[in-house]
Structures are given as structure tokens and as C-alpha cells.
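The structure is given below, and queries will be raised subsequently.
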Amino acid sequence: MTAALVAETRKATASVVVRSATALLVVGIVALSAAMSLAVDSGNEQVQAKLGPIADKKGWTRLIGLVSMISAPAGLLGFGVVLSWIIGREFADGTVSGLFALPVPRRAIATAKLAVFWAWTVMVAAALAAACTLLGFVLGYGAPDSAVIPGLLRLWAVGVLTGLLAIPAGWVATVGRGLLPGVATTIVLITFGQILVVAGTGPWFPVATPTLWAVSPRDVTWVHLALVPLASLLFAGLTTRTWHRLQLDR
Amino acid sequence: MAELKCSGLTRVFPGGAGVHRIDLQVEAGQVHALVGLNGAGKTTLLRLLIGMLLPDAGTVGYGSRRLGDVRPADWARVGHMVGHPLAYPELVVRTNLALAARLHWVSPNRVGGVVAMAMAELDLVKHADQRVRILSQGNLQRVGLAVALQHEPDVIVLDEPTSALDPSGVLLLRKVLLRRAAAGAAILVSSHHLDEVARIADRITVMNRGELVGELDPTSPDIERAFFARVLADDQSRVR
């Protein structure tokens, strides 16, 4: 397992895909949030209308709400693309054939891939929360007080939960033997999640839970949140099982 | 464990292609060549032997163990290149070899030495710090061969290992395989370069239309003629 973790970590750190996604997720989301916050301050009615109740808030509360609201769908896109690459690239590059007949079982290799991906999402979520804090200072909101810190922690947790939501993309990339099936699954998950949020079906569907928690924390309980890791564990199990039973017959 | 064998091995794909009732034994200390025309089923057979495909019938054995019972410690003594080399384009040659060595259970303190020796043996030292992405097909194949051979395996399975190599690469590979065979390794190599195979193989088995159809004498003066005669005889026997 250690050898698989070392290999997957080395591949991820050398990857242009992972580096680009990290930069886009952290810098892109914070820059977009800053632009929207400034647009609200300058009285842009279109942006105010789109943001709804968040536009009425001020300072840290509005900034954290904006970053959280954007990071749930945008994060899922970035995370899904990266996991699709981590898994699907073995098929696209043809390297999967070299992962047979090794003393390190394919189940361990798949587990290592998911572990490295999960660790990366935790770090990206932390970097996003740190970048949001920095932006708050730059915008002159002062040091975050005890009322703001829980919001920043929730922002980090939304990122971590969003990363977990991308796990089904890894399973589909395995079954579909490539990157594109995983990316397509990510897009379906984002669309499905947004439809559920707009339809007001509530937080019982894990795909919508992080977005709802970001927008309206009071409507989401710990039970709803716990469904997200449970669902991702199910798909992680499916992914490692599919790798274990893999045959190169198509 | 240095022995690879299969018995009654069959795998048929939709449409009827595949391999049928294959009995094969690759013995310790021998280079066993599998020759056949394109589409004869060589790659399918090699995939079955290393578990990339599961058979419809028959068994594969590594030493005294069946494929499903092979332990991780036994897999650590196997090296193969069947399909694309295990080499990631974003990593340099040295790193690729080091990661592959770890995946073959080479202990971390030995990895540096093992990689250095493999690069010297396959003349890859000048490419050590180049990304695999920019290598030529021939050098990529050398990296794949180094991945398969650097941990000094007892069982070696190579599919068309010289297809992209230049003459000097072919000579280097020949030397490495003969050295491994002399150390007791069982080596199975598929090829359709008959002259090249004849130079190092102890046994040559002919495959045609998914079946083993006989053997050739590696010392035969006109091995090409003997090969085509064997294939033609098999084709004619199927027509009758």
C-alpha cells in the first residue's frame, strides 16, 4: 500500500492537470467572489438580484456566503475532472496494463488513488478558506472574530464534502475505461444537484447537500451531512471492487 | 517459482476470435518464443497468462501455484511488458523506474542502485532526467523493458519487445534476456521477427488462429520457410 501511495502522490504532484485545477479552484473562486462582492457594493442590481439574500448581508458574512455558494458547484467540476484524470488516465495512456501482475494489488492502487485525491481536496478546501480570509483582510473587513470563524470552517467543510461528491466520477471512469465518462458524470452530478436545490427538495439528496449547507446552513442537519461521506464510501467501495475484478477485454 | 505453464486455456470473444485449448510450458532457464502472424492470438494468450484476462476454461500456473493463488511475494518475481509500457509521460525516466521498482517490492534503500543498473544495461543513462513524454518510441520501449526487467524477475513475459527498438536496442535486450535465462528465469517472448527469435530462443512455438500448431527448431537454417509451411499446413487442415 505504501508503494502505491508513493507512486500516486508522485504522479499527482507532477501533474499539470492537478496543478491547474488547484490554481483555478482557489484563485478563480476567490476572484469571482471578490468581483461579485464589489459589484454588490457598487449597486449592480442584476448581481444583487442573482445573489438573493446573500446580497443583503455585509462584510465577512457576505464574502463567506459568496465563496461557499460558488465553491459547491465549481468545486465539484474541478474535483470531478481531477479524479476522472487520476483514474481514467491509466486507461487513456495505456499504463493500466502495467498495473497487472504486481505484488501491489490493483485494489490497493485504486485505494491509493482515492486517498491521494481525498487528501488533495482537503488541502484545496483549506487553501480556499485561507484565500477567503486573505481577501477579507484586503477588502478591509478586519480580523475574523468568533462569529466569523465558524463560517470559515464551514467553507472548508463545504469544500471537503464537495470533494467527496466527486467519487462516483472515479467509478464511472473505471467502468467507462477513460477520462470522459468521469467528466460527463461530474457534469450530470452538478446539473442534478442544481435542479434539486432549485426544486426545493431539501437536503436529503447528498448531491445537493453541500450547496444547501453553503446557502442556508440552518436547513441542513448533521444527519444530512453524514449522508455525503456515506454515499461516497459506497462509490469508493465500488471503485476498488471494479479495479480488483478488472479485465482488459475491451 | 521459475516456471510458467497453462493447460487447456481457452478464451473466446464475441465473434469467435480468441485462443483455444492452449497447453504451454515455459521452463526455468529457457527463452521460449511464441511466433505467429498478426491476429494469431499471441497477445490474448499473454494477457491470459498474466491475469489481464480471465479464461473461459483452463488453468494458468506459476510454479506450483494456480494464477488465483499466486501470492504477492511471487508476483514480485514476475516482470512483464504486455501492451503499453508502465511509464507516465509527465515523469522523468529515473522517477518512472523508481516508482515501478517500488511497485515490484524493491526495498526503498535498493531502488537507486536497481534503477541505475537498469538504465546502464539498456543504455538509458543519457535520458535519465528526460520526461517520458519527449522520448522516441524506441526509447519508450527501452523504459518499458527496464520496468519489466530491473527487479531481476524469475518469470518474464514480453509481447513484441523489439517492435520499436533499433539494432543496438535489440542487441542489448538479447544480452539481458540471455543473462536472465542463465540465472534461471523462465522467459516467454512473443514476436514475428523470426530471425531475431531464433538467435536467443531455446524453444519456438507457432501459433495460428488461436491455437498452438507446432514447434520450430531454433537451429533450423531456414526458419522462415519452416514457419510458413507450418502455418499453411494448419490452414489447409482447417479447410478440409
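The values are calculated or read from the model by the stated rules, or taken from the named source; none is laboratory data. In this text, all values refer to a predicted model and were calculated from it rather than measured experimentally. Cβ placement follows ideal geometry from the backbone for every residue including glycine, while neighbour counts extend to all protein chains displayed.
Any residue that is in contact with a Lys or Arg (Cβ under 9 Å, 6 or more places away or on another chain), under 25 Å from A:D93 (Cα atoms), surrounded by 14 or more Cβ atoms within 10 Å (Cβ to Cβ) and modelled with pLDDT of 95 or more - is there at least one of those in the range B:144-152?
Yes, there is a match, as at least one residue in the range B:144-152 is in contact with a Lys or Arg (Cβ under 9 Å, 6 or more places away or on another chain), under 25 Å from A:D93 (Cα atoms), surrounded by 14 or more Cβ atoms within 10 Å (Cβ to Cβ) and modelled with pLDDT of 95 or more.
The rows are residues; the columns are (1) out of contact with any Pro (no Cβ under 9 Å at 6 or more places or on another chain); (2) among the polar types (S, T, N, Q); (3) away from every other protein chain (no Cβ under 14 Å); (4) more than 20 Å from A:A173 (Cβ to Cβ).
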residue	(1), (2), (3), (4)
A:V6	no, no, no, yes
A:T9	yes, yes, no, no
A:V16	yes, no, no, no
A:N44	yes, yes, yes, yes
A:A49	yes, no, yes, yes
A:A55	yes, no, yes, yes
A:V67	yes, no, yes, yes
A:W85	yes, no, no, no
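Look at the range B:35-61 and say how many of its residues are over 17 Å from B:V189 (Cβ atoms) and of a type in the set (S, T, Y).
The number of residues fulfilling the criteria is 1.
Ok, one more. Name the residue, out of A:I87, A:I149, that is β-branched (V, I, T), under 22 Å from the mean Cα position of the chain (by Cα) and buried (at least 24 other Cβ atoms within 10 Å of the Cβ).
Details: A:I149 fails: buried (at least 24 other Cβ atoms within 10 Å of the Cβ).
Just a single option satisfies the conditions, and that option is A:I87.
For B:V132, which of the numbered conditions (1) within 14 Å of chain A (Cβ to nearest Cβ); (2) under 26 Å from A:V6 (Cα atoms); (3) crowded, with 23+ Cβ neighbours inside 10 Å; (4) not acidic (D, E) fails to hold?
It is condition (3) that B:V132 fails.
Condition first: more than 20 Å from B:G184 (Cβ to Cβ), facing chain A (nearest Cβ under 10 Å) and part of a loop (DSSP other than H, G, I, E, B). Now tell me which residues in the range B:28-66 satisfy that.
If the condition is that a residue be more than 20 Å from B:G184 (Cβ to Cβ), facing chain A (nearest Cβ under 10 Å) and part of a loop (DSSP other than H, G, I, E, B), then B:G51, B:M52, B:L53, B:L54 are the ones that fit.
So which residues in the range A:194-211 are part of a helix (DSSP H, G or I), in contact with a helix residue (DSSP H, G or I) (Cβ under 8 Å, 6 or more places away or on another chain) and over 11 Å from A:L161 (Cβ atoms), if there are any at all? Walk me through it before giving the result.
Pass one, the range A:194-211, residues part of a helix (DSSP H, G or I): A:194-199, A:209-211.
Okay, now just the ones that are also in contact with a helix residue (DSSP H, G or I) (Cβ under 8 Å, 6 or more places away or on another chain), so A:194, A:197, A:209-211.
Once the filter is applied, which keeps residues that are part of a helix (DSSP H, G or I), in contact with a helix residue (DSSP H, G or I) (Cβ under 8 Å, 6 or more places away or on another chain) and over 11 Å from A:L161 (Cβ atoms), the range A:194-211 yields A:Q194, A:V197.
For the range A:228-243, which residues satisfy the criterion of being buried (at least 17 other Cβ atoms within 10 Å of the Cβ) and in contact with a helix residue (DSSP H, G or I) (Cβ under 7 Å, 6 or more places away or on another chain)? Steps first, answer last, please.
From the range A:228-243, those buried (at least 17 other Cβ atoms within 10 Å of the Cβ) are A:228, A:231-232, A:235-236, A:238-240, A:242-243; that's our starting set.
Of everything in the range A:228-243, those that are buried (at least 17 other Cβ atoms within 10 Å of the Cβ) and in contact with a helix residue (DSSP H, G or I) (Cβ under 7 Å, 6 or more places away or on another chain) turn out to be A:V228, A:S232, A:F235, A:A236, A:L238, A:T239, A:T240, A:T242, A:W243.
Let me confirm something: among B:V35, B:V26, which residue is surrounded by 20 or more Cβ atoms within 10 Å (Cβ to Cβ), modelled with pLDDT under 95, within 15 Å of the chain's Cα centre (by Cα) and closer than 24 Å to B:V176 by Cβ? Step through it out loud before you land on a result.
Values: B:V26 fails: modelled with pLDDT under 95.
Unique residue meeting the criteria: B:V35.
Something else: Give me the residue from the range B:90-108 that is facing chain A (nearest Cβ under 7 Å) and assigned to a loop (DSSP other than H, G, I, E, B) and, out of that set, surrounded by the fewest Cβ atoms within 10 Å (Cβ to Cβ). Give the steps one after another, and end with the answer.
The first filter runs over the range B:90-108 and keeps only residues facing chain A (nearest Cβ under 7 Å), leaving B:90-91, B:95, B:99, B:102-105.
In the following step, the residues that additionally are assigned to a loop (DSSP other than H, G, I, E, B) were identified as B:90-91, B:104-105.
Values: B:E90: 20, B:L91: 20, B:H104: 26, B:W105: 16.
Of everything passing the filter in the range B:90-108, B:W105 is surrounded by the fewest Cβ atoms within 10 Å (Cβ to Cβ).
Could you please find all residues in the range A:45-84 being surrounded by 24 or more Cβ atoms within 10 Å (Cβ to Cβ) and either at pLDDT below 85 or among the acidic types (D, E) (or both)?
Within the range A:45-84, just A:A72 meets the criteria.
Checking B:M119 against (1) part of a loop (DSSP other than H, G, I, E, B); (2) surrounded by 15 or more Cβ atoms within 10 Å (Cβ to Cβ), only one condition comes out false. Which one?
Of everything listed in (1) part of a loop (DSSP other than H, G, I, E, B); (2) surrounded by 15 or more Cβ atoms within 10 Å (Cβ to Cβ), B:M119 misses just condition (1).
Which condition from (1) crowded, with 18+ Cβ neighbours inside 10 Å; (2) within 10 Å of another protein chain (Cβ to nearest Cβ); (3) more than 19 Å from B:L173 (Cα to Cα) is the one that B:A73 breaks?
Only one criterion is unmet by B:A73, namely (1).
Yes/no per residue for (1) under 18 Å from A:G78 (Cβ atoms); (2) in contact (Cβ under 8 Å) with a residue 12 or more places away in the chain; (3) in contact with a Ser or Thr (Cβ under 9 Å, 6 or more places away or on another chain):
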site: A:P168; (1), (2), (3): yes, yes, yes
site: A:R177; (1), (2), (3): no, yes, no
site: A:L180; (1), (2), (3): yes, yes, yes
site: A:T186; (1), (2), (3): yes, yes, yes
site: A:I195; (1), (2), (3): no, no, yes
site: A:P203; (1), (2), (3): no, yes, yes
site: A:V207; (1), (2), (3): yes, yes, no
site: A:W213; (1), (2), (3): no, yes, yes
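Does B:L122 meet the test of being closer than 22 Å to B:R180 by Cα and touching a residue at least 60 places away in the same chain (Cβ under 8 Å)? Step through it out loud before you land on a result.
Working: closer than 22 Å to B:R180 by Cα: yes; touching a residue at least 60 places away in the same chain (Cβ under 8 Å): no.
Here the answer is no, as B:L122 does not meet what is asked.
Next question. Among B:V157, B:V170, B:V231, which is the only one that is under 30 Å from B:P89 (Cβ atoms), outside any strand (DSSP E or B) and among the hydrophobic types (A, V, I, L, M, F, W, C)? Even if it seems obvious, please write down each step before you answer.
Working: B:V157 fails: outside any strand (DSSP E or B); B:V231 fails: under 30 Å from B:P89 (Cβ atoms).
Only one candidate passes the filter, namely B:V170.
Out of the residues in the range B:60-70 meeting the condition of being in contact (Cβ under 8 Å) with a residue 40 or more places away in the chain and buried (at least 16 other Cβ atoms within 10 Å of the Cβ), tell me which one is nearest to B:T44 (Cα to Cα).
Among those residues, the one meeting the criterion is B:V60.
Cβ-Cβ distance below 8 Å, separation of 6 or more or different chains: which pairs start in the range A:217-245 with a residue that is without any contact (Cβ under 8 Å) to a residue 60 or more places away in the chain and end on one that is polar (S, T, N, Q) and crowded, with 19+ Cβ neighbours inside 10 Å?
A:V220/A:T209; A:H224/A:T209; A:L227/A:T209
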